[in-house]
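Here is the structure we will look at.
The values are calculated or read from the model by the stated rules, or taken from the named source; none is laboratory data. In this text the structure is predicted, and so the values were computed from the model without any measurement. Here the Cβ is made from the backbone with ideal geometry for all residues, glycine too, and neighbour counts use every protein chain on show.
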Amino acid sequence: MPICSLVSVVDDDESVRESLPDLLKEFGFTVQAFSSAEEFLASDCVTQTKCLILDIAMPGMTGPDLQQELIRRRQDIPIVFITAHGEDNVRPRMLKEGAVECLFKPFSEAALLTALNTALQLNELN
Amino acid sequence: MEHGAGSTGAQDDPERAGDAKALPAGEAQFRGILDGIPGLVITAAGTGELELFNAPVLEFFGKTPEELRNWTISGIVYPDDLPRLIEVFTVSMSTGCPYDLEYRLRRFDGVYRWFHGRALPLRASDGRILNWCFLLTDVEDRRRAEALLASENRLLEMVAGGVSIPKILDELCRLVEDTATGSYCSVVLVDSTGTQLEHGAAPSLPSTFIKAIEGRPVNVDSGPCAMAAYLNEQVISTDIASETRWAAYEWCPMALAHGLRSCWSTPISSTTGRVLGAFAIYYTEPKTPTTEDQVLIGQFTHIASIAIERQRSQTSLTLALDELKTSEGRLRTIIDAIPGLVWSAAPDGNVDFLSQPWCDYTGVSMEESGGSGWAKTLHPEDAERLTTYWPSLLASGQPGEFEARFRHFDGSCRWFLVRAVPLHDETGQIIKWYGLNTDIEDRKRADSLLAGEKRLLEMVASSTPLALILEDLCKFVEATVSECYCSVLLVDPTRTHLQHAAGPSLPASFNASVNGLPLIVESGPCATAVCLNEQVIAADISLDTRWEQYAWCPMALANGLRACWSTPISSTTGMVLGIFAIYYTEPRTPTSWHQALIGQFTHIASIAIERAQGEAALRRSEAFLAKAQRLSSTGSFSWRVATGEITWSEQAYRIFGLSPALPVTLELIGSRVHPEDIPLMHDMVARAQAGQDFEYEHRLQMPDGSTKYLHMLAHGTVDREGQTEYIGAVQDVTERRLSEEALSKVRSELAHVARVTSLGAMTASIAHEVNQPLSGIITNASTCLRMLAANPPNIEGALETARRTIRDGNRASDVITRLRALFSKKEVVSEALDLNEATREVVALSLRDLQRSRVILRSELANDLPSVTGDRVQLQQVILNLLRNASDAMAGIKDRPRELVIKTERDECDHVRLTVQDTGIGLEGQGVDKLFEAFYTTKSNGMGIGLSVSRSIIENHRGRLWAAPNDGPGATFSFSIPRGPGAVTGANSLGAMRTRAVTDATRVMGNP
């Protein structure tokens, strides 16, 4: 596992953008946080990103919208969806659409780490 | 004493002065008496020089004493009478003999009046004449009356004496000209075709004038007389010179050319109302008829009509009878066809001819009736009168008439008007009497019925007690229908029994037996009539087998009754009120005349009974109403908006704490209305003027400083004149309001929870709001642990994350604190809807709350609004939220009306816009966007979810919601959504909406 893999966080909630990168850094990742899908697409991190932690519900382009856009651009980045919306049917739908994982806020450190590992293994398979 | 007895210019005569001093009352009193005499008093010196005039003299003539002294030349005496007066005056002055003469004097206004003037000398002891005293008495009215009477008599004599019509009318004109000084009279007749005027009489008018009138068509244009005859109304031309009518026929220039300046034309009508002609009075000066003139005109036109009519009918009768003599066979049939009994008699009064109808009517042959045989058919009561009148008429040789009853062959009697006219030969000898008896029975009956009905209705109208009216009614019918007995029975209030009401001529025992009979068909004819609501005829009680069970027939027979006709008296609504019964001591069946009579009198009885019962019921219900109003603290009022007439019930006065003596005005009401509620009252007045019904809650400020809460409701009705009248109730709801307010905190919380509960979108929102901070807490705590576990531990980083953990924990706690209610899920439905209708529903639901908050609501809903597609309940939640926010924003406003305008309209890009404008505290410079953040609130007890959710809902409808400050006070909130169909996004609209709602709230949460 390369120690400095780039993980990008896209969430419109500032408290997530504040807390999550710090934890990921403690895990040893390089982290970039974006407040919207559009901001992420516009950055030069798209090709560098090894794992995308993506909020589902956002103003403007939603998480699934960004996922579709990346597929269209043939940017095959493993995605871990996060959502504060604990509805049962969301996770199977997201996994079916190709997500690595779908975490319900609040999620545990362990669940996050497991999801990240799965994502990075996918990277290596690719 | 300019105008009084002191107006003397004479030298003081010592002797006269002495006489005056001798009066015990003194000079002043003497003058007072003189001025007070209701007559004109003038004194003159012994030589005839006028000296002193009392006040009435000066008032009458309106001239100065100097002018009066020159009476022979100053025009105060009518020119025709002056020479005679001067002659008599001169003789008296020279001989000392008193005189006594009638002559006309000119009043100040130019009107001449007849006076009786007497001159008396006042002599000294030696016989020398000291003074003359003239007493002038106004005899105009007496002369007119006398002249009228004399003229009338004279004319009527002429009419009766068969004088030709032109002579009578000539005389009539002359008599009027004599009576009305300076007048010229004419009579024109309407010809037999009714289309042209023909000459009647005009003895003093120029023949060219008469010629110019003759043959003019009877219409409004050809002249005043033609116009009067055409319209059958008086036509007055006070000044022909300034007259504009009749120009088409140039009548005015023609009349002016003959020296005439005024004309008063009055139609002459027959007794049947047909216009026979016109009577006209002309003057050579402009003149308006006085009351006396009108009396004169009235009397003479009446005489003229009699003369013309009588002449015409007499002519036709005489003609018929004359022809009879010459051509008996043919004309006898004509005579017999005359609808009257025609007869003729010899000069000695022996009847020598009777027409066939006479014989048919009386059933007595011509032979038996001849001579004086006819008298046997007279009603005994009339026979005596006629047998004295007839010889006296014969002796007078004058025409005459007489009313008498003649017996029909069946024994009944009918009234006839007997007219007899003598026929004279060339020498004036009476050669024959002709007569016509006209049947006037129906008229007599009708007259007497009418008089009776009138009297009864007057009694009803004047609220005479019912018993008296009914008694009078019975007596009247008994007087009209011979040999009958009447009674009236009423249905008792429980509708189980008959009650005796009137039966003045029936035996008391009979009335007592009938009183209280049960209302069943078996108990007697009257009860049967009530039960069946139809007339019950017992033509012969002795043969009747009905009512056996109650032995009614034997009871009636024992009271001497043999026939009974019972007729129900029904109210206007068809309910039987009672019975009108007619009894006979002989078997009888009602004729159609009887039935007509019964119909009329049961009708009058029903009016009387209904009115009496209605009045009693009204008194009762008024008392009930007053009591009910008092018990329920409810007053009633009526308000005619156009006239401002307001009527209050007693209780309404009590509620307002005002004296019932005060007339109610809006000002008076305004004096009691709480100052803060005056705008509400103005709004109410405006609504009323627009003809809308209204319902308000407002406060009164009582003089003792206390506050009353009133609930008022008014409904407008439009009366027959098209005027709006509001009938309303006003209730004192103070007690209710006070207890309501005590509960208001509890309720507002409940209402708030209920408001939020109904929002489906909030379920998701809550989970989101709670999960976000929890997520932060857990992530931060994990980071913190890792930082502390590192070697070396990252203390600074750990402290920072720990602080974030606490902050997010507090935030979560805040969320939990605020979300005190559970949110339930609700199905979201997308449908085509009328935003106006949805708005009206919300307004209707909010109206009471708004009024309670003293908010004046104005709706301006566009008529042509296209429908939108969306969730009706959600959109209504948004509208409700906007209305509540607006109302809340105005809660603290005291210095201006709390006005709220809700408006719908088309917006650009096929959108529909709804706007809510208030006059509240406004946006106060805070970030407008901040308003829409969840939990952002300016309200002490608000949760702040409303606007945020509202915006989510609107955005889910692909619309937008925004706020803007007003130019004046307050703010305006609007939303604009696209018109349907397909307004709600996404195939799975449920999911899509949820997601979007969350999105919005998420953004807000991210920017604390």
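Annotations for the structure displayed:
- For region B:911-945, the set of residues classified as at pLDDT 65 or above and either buried (at least 18 other Cβ atoms within 10 Å of the Cβ) or touching a strand residue (DSSP E or B) at 6+ places or on another chain (Cβ under 6 Å) (or both) consists of B:H911, B:V912, B:R913, B:L914, B:T915, B:V916, B:Q917, B:D918, B:T919, B:G920, B:G922, B:L923, listed by residue number.
- Matching residues, region B:72-131, being part of a strand (DSSP E or B) and charged (D, E, K, R): B:D100, B:E102, B:R104, B:R106, B:R113, B:R118, B:R123
- Pairs meeting the criteria (first residue in region B:199-217 and closer than 11 Å to B:C173 by Cβ, second residue of a type in the set (D, E), beta carbons under 8 Å, at least 6 apart or on different chains) are B:A201/B:D170; B:P203/B:D170; B:P203/B:E177; B:S204/B:E177.
- Pair list, Cβ under 8 Å, 6 or more apart: region B:461-484 residue at pLDDT below 85, other residue of a type in the set (S, T, Y) and surrounded by 12 or more Cβ atoms within 10 Å (Cβ to Cβ): B:T480/B:S448
- Residue check for A:L113: within 21 Å of B:G776 (Cβ to Cβ), touching a helix residue (DSSP H, G or I) at 6+ places or on another chain (Cβ under 8 Å) and surrounded by fewer than 16 Cβ atoms within 10 Å (Cβ to Cβ): yes
- Applying the set (1) at pLDDT 85 or above; (2) within 20 Å of B:Q851 (Cα to Cα) to B:Y696 leaves exactly one unmet item: (1).
- Which listed residue, of A:D65, A:D22, is over 23 Å from B:I778 (Cα atoms), charged (D, E, K, R) and not in a strand (DSSP E or B): A:D65
- Residue under evaluation A:D22, criteria (1) at pLDDT 90 or above; (2) within 14 Å of chain B (Cβ to nearest Cβ); (3) in contact with a strand residue (DSSP E or B) (Cβ under 8 Å, 6 or more places away or on another chain), criterion not met: (3)
- Candidates B:R128, B:R104, filtered to the one that is over 59 Å from the mean Cα position of the chain (by Cα), in contact (Cβ under 8 Å) with a residue 60 or more places away in the chain and either under 27 Å from B:T290 (Cα atoms) or exposed (fewer than 13 other Cβ atoms within 10 Å of the Cβ) (or both): B:R128
- Considering residues of region B:515-543 that are among the β-branched types (V, I, T) and within 15 Å of B:A581 (Cβ to Cβ) only, the residue surrounded by the fewest Cβ atoms within 10 Å (Cβ to Cβ): B:I537
- Looking only at region A:66-97, residues that are in contact with a helix residue (DSSP H, G or I) (Cβ under 7 Å, 6 or more places away or on another chain) and away from every other protein chain (no Cβ under 14 Å) come to 5 in all.
- Note on region A:70-110: residues that are in a helix (DSSP H, G or I) and either of a type in the set (D, E) or crowded, with 19+ Cβ neighbours inside 10 Å (or both) amount to 3.
- Scope region B:634-673; condition of a type in the set (K, R) and over 21 Å from B:A690 (Cα atoms); matching residues: B:R654, B:R672
- Close Cβ contacts (under 7 Å, 6 or more residues apart or on different chains) running from residues in region B:485-514 that are at pLDDT 90 or above to residues that are of a type in the set (K, R) and surrounded by 15 or more Cβ atoms within 10 Å (Cβ to Cβ) comprise B:P504/B:K475.
- Any hit, region B:382-399, residues being in contact with a Ser or Thr (Cβ under 6 Å, 6 or more places away or on another chain) and crowded, with 18+ Cβ neighbours inside 10 Å: no
- Some residue of region B:54-62 being surrounded by 13 or more Cβ atoms within 10 Å (Cβ to Cβ), over 15 Å from B:R106 (Cα atoms) and in contact with a strand residue (DSSP E or B) (Cβ under 8 Å, 6 or more places away or on another chain): yes
- Selection within region A:25-62: residues that are among the hydroxyl-bearing types (S, T, Y) and part of a loop (DSSP other than H, G, I, E, B). The member of this set that is nearest to B:P773 (Cα to Cα) is A:S35.
- The C-beta contact set for region B:578-602 (first residue closer than 20 Å to B:L532 by Cα, second residue outside any loop (DSSP other than H, G, I, E, B) and among the polar types (S, T, N, Q), distance under 7 angstrom, 6+ apart or interchain) comprises B:I579/B:S566; B:I579/B:T567; B:F580/B:T567; B:F580/B:T602; B:A581/B:S487; B:A581/B:S566; B:I598/B:T567; B:T602/B:T567.
- Residue within region B:67-87 that is of a type outside the set (S, T, Y), crowded, with 18+ Cβ neighbours inside 10 Å, assigned by TED's automatic domain parsing to the domain that holds B:D35 and in contact (Cβ under 8 Å) with a residue 40 or more places away in the chain present: no
- Criterion (surrounded by 13 or more Cβ atoms within 10 Å (Cβ to Cβ) and under 16 Å from B:A581 (Cβ atoms)) met by exactly one of B:L457, B:L470, B:L466, B:L436: B:L470
- Scanning region B:786-799 for residues that are within 18 Å of A:L20 (Cβ to Cβ) and more than 8 Å from chain A (Cβ to nearest Cβ) yields B:N794, B:A798.
- The number of residues in region A:42-60 being out of contact with any His (no Cβ under 9 Å at 6 or more places or on another chain), farther than 14 Å from A:L70 by Cβ and within 14 Å of another protein chain (Cβ to nearest Cβ) comes to 4.
- Qualifying position, being assigned to a helix (DSSP H, G or I) and buried (at least 17 other Cβ atoms within 10 Å of the Cβ), among B:I902, B:I879: B:I879
- Considered as a group, the residues in region B:107-125 that are touching a residue at least 60 places away in the same chain (Cβ under 8 Å) and of a type in the set (F, W, Y) include one that is surrounded by the fewest Cβ atoms within 10 Å (Cβ to Cβ), and that residue is B:Y112.
- Qualifying residue in region B:637-652 (condition: modelled with pLDDT of 80 or more and acidic (D, E)): yes
- The set of residues from region A:6-20 being farther than 19 Å from B:N771 by Cβ and surrounded by 18 or more Cβ atoms within 10 Å (Cβ to Cβ) comprises A:V7, A:S8.
- Selection from region B:851-868 of residues that are part of a strand (DSSP E or B) and buried (at least 18 other Cβ atoms within 10 Å of the Cβ): B:I856, B:L857, B:V868
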